[in-house]
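Quick notes on the structure that follows.
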Amino acid sequence: MKIIIAKNYEEMSQKAAEIFEDAIQKNPKIVLGLATGSTPVGMYEHLAEAHAKRGLDFSGVQSFNLDEYVSLAPEHPQSYHYFMNENLFSKVNIQKENTHFPAYNEEKPEESGARYDEAIEEAGGIDLQVLGIGQNGHIAFNEPAEQLSVATGLVTLTQSTIAANSRFFDRVEDVPKQAISSGMGTILKARKIVILASGADKKDAVAKLLDGTKVTTQWPVTLTLLHPDVTLIVDEAAAGK
Ligand code: GLP
């Protein structure tokens, strides 16, 4: 794991955006794995700026988002569809049909997500994946547990994630309790992974990565220690410095 310690959120975002900009320039048909949450917002801002100022071209780029809440319509301001549109898609020239999200299958809930992994394979696999980290070490919505799913599917959020994500909703009761999340196998198949973490509330999860000696499903992000090409970009607060 390559580790970059940035001074602050801004520097973390800048460094992450540089990696993405460079990768898009080298491969205009790149398949990106994208994340939501507050962490990648700054990186998306930089990429939108790269498009506006330097003409960074997203017209051939495909994207697969990590997750989506089950009970929110795509137009809901807290849905991840809406988030991506607001923070990136509406600001660059990505083609809407090239952007993908895992979908809930109402008729066969247990099959939700199955088609998603196939679609990723058909697109040639994810070349570059960005990940944020939940305070409890979750990635996408793979919550700490004795067993983690390999494939994309339906997940139930933990109370701690519901509490953490309630800052985006009027009331904690409004936070969806279920989501469709990329599985651990889906994530770890990406050719390159960039993990971002900012702020002291990510310190415990980041410490496990910095230690680098053990993996555990109780801190799902530690499974990325097994991946051959991961860059961790953290700010000083998240690094515990
Ligand atoms: C959500 C998302 C994760 C994200 C996490 C961290 O739970 N499903 O993909 O990494 O939040 O969010 P934040 O970046 O706001 O701390």
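The values are calculated or read from the model by the stated rules, or taken from the named source; none is laboratory data. Just so you know, these numbers come straight off a predicted model, no measurement behind them. When we count neighbours, we look across all protein chains shown, and the Cβ atoms used for this are built from the backbone with ideal geometry, even at glycine.
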Query raised in the report: Taking into account only those residues within the stretch 211-230 that are within 24 Å of L157 (Cβ to Cβ), touching a residue at least 12 places away in the same chain (Cβ under 8 Å) and not aliphatic (A, V, I, L, M), which is surrounded by the most Cβ atoms within 10 Å (Cβ to Cβ)?
Result: P220
Requested in this report: Please enumerate the residues belonging to the stretch 14-32 that are over 14 Å from Y44 (Cβ atoms) and among the small types (G, A, S).
Outcome: A23
Query raised in the report: Just one of L72, L88 is at pLDDT below 95 and of a type outside the set (G, A, S); which is it?
Result: L72
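Looking only at the stretch 14-61, count how many residues are at negative phi and either of a type in the set (D, E) or more than 19 Å from the chain's Cα centre (by Cα) (or both).
Start the filter on the stretch 14-61 by keeping residues that are at negative phi, which leaves 14-36, 38-54, 56-61.
Narrowing the set further to residues that are either of a type in the set (D, E) or more than 19 Å from the chain's Cα centre (by Cα) (or both) leaves 18, 21-22, 25-29, 45, 49-54, 56-57, 59-60.
The number of residues fulfilling the criteria is 19.
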Report summary line: Among (1) away from the ligand (no atom under 13 Å from the Cβ); (2) surrounded by fewer than 19 Cβ atoms within 10 Å (Cβ to Cβ), L47 falls short only on (2)
Query raised in the report: How many of the residues in the stretch 192-208 are over 21 Å from A17 (Cβ atoms) and either of a type in the set (A, V, I, L, M, F, W, C) or within 14 Å of the ligand (Cβ to nearest atom) (or both)?
Result: 6
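Quick one: count up the residues across the stretch 166-188 that are of a type in the set (S, T, Y) and at pLDDT below 95. Walk me through how you get there before you give the answer.
Here is the first cut: in the stretch 166-188, the ones of a type in the set (S, T, Y) are 166, 181-182, 186.
Retained after the next criterion (residues that are at pLDDT below 95): 166.
Of the residues in that region, 1 qualify.
Would you point out the residue of the stretch 148-183, among those that are of a type outside the set (G, A, S) and crowded, with 23+ Cβ neighbours inside 10 Å, that is nearest to Y69 (Cα to Cα)?
At the first step, the residues of the stretch 148-183 found to be of a type outside the set (G, A, S) are 148, 150, 152, 154-159, 161-162, 165, 167-178, 180.
In the following step, the residues that additionally are crowded, with 23+ Cβ neighbours inside 10 Å were identified as 152, 155, 180.
Details: T152: 13, V155: 10, I180: 6 Å.
Of everything passing the filter in the stretch 148-183, I180 is nearest to Y69 (Cα to Cα).
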Report task. Give me the pairs, please: first residue somewhere in the stretch 1-18 and farther than 22 Å from A48 by Cα, second residue anywhere and at pLDDT below 95, beta-carbon distance under 8 Å, and either six or more positions apart or on two chains. Result -> I5/K241
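Return a yes/no flag: does the stretch 98-117 have any residue that is modelled with pLDDT of 95 or more and assigned to a strand (DSSP E or B). Show your work before the answer.
Taking the stretch 98-117 first, the residues modelled with pLDDT of 95 or more are 98-102, 116-117.
Then drop every residue that is not assigned to a strand (DSSP E or B), which leaves 99-100.
Yes.
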Requested in this report: Scan the stretch 42-56 and give yes if some residue there is closer than 27 Å to G153 by Cα, modelled with pLDDT under 95 and either part of a helix (DSSP H, G or I) or not hydroxyl-bearing (S, T, Y) (or both), otherwise no.
Outcome: no
Query - Test set (1) of a type in the set (S, T, Y); (2) in contact with a Phe, Trp or Tyr (Cβ under 8 Å, 6 or more places away or on another chain); (3) touching a residue at least 60 places away in the same chain (Cβ under 8 Å) - T99 fails condition number - result: (3)
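Go through the stretch 11-28 residue by residue and tally those that are within 28 Å of S181 (Cα to Cα) and out of contact with any Asp or Glu (no Cβ under 9 Å at 6 or more places or on another chain).
Just the residues of the stretch 11-28 that are within 28 Å of S181 (Cα to Cα), to begin with: 12-24, 27-28.
Adding the requirement that they be out of contact with any Asp or Glu (no Cβ under 9 Å at 6 or more places or on another chain) leaves 14-16, 18-22.
Total satisfying the criteria: 8.
Tally time: how many residues in the stretch 87-97 are within 16 Å of the ligand (Cβ to nearest atom) and either part of a helix (DSSP H, G or I) or not hydrophobic (A, V, I, L, M, F, W, C) (or both)?
Of the residues in the stretch 87-97, the ones within 16 Å of the ligand (Cβ to nearest atom) are 87-88.
Still in the running and either part of a helix (DSSP H, G or I) or not hydrophobic (A, V, I, L, M, F, W, C) (or both): 87.
Within the stretch 87-97, residues that are within 16 Å of the ligand (Cβ to nearest atom) and either part of a helix (DSSP H, G or I) or not hydrophobic (A, V, I, L, M, F, W, C) (or both) number 1.
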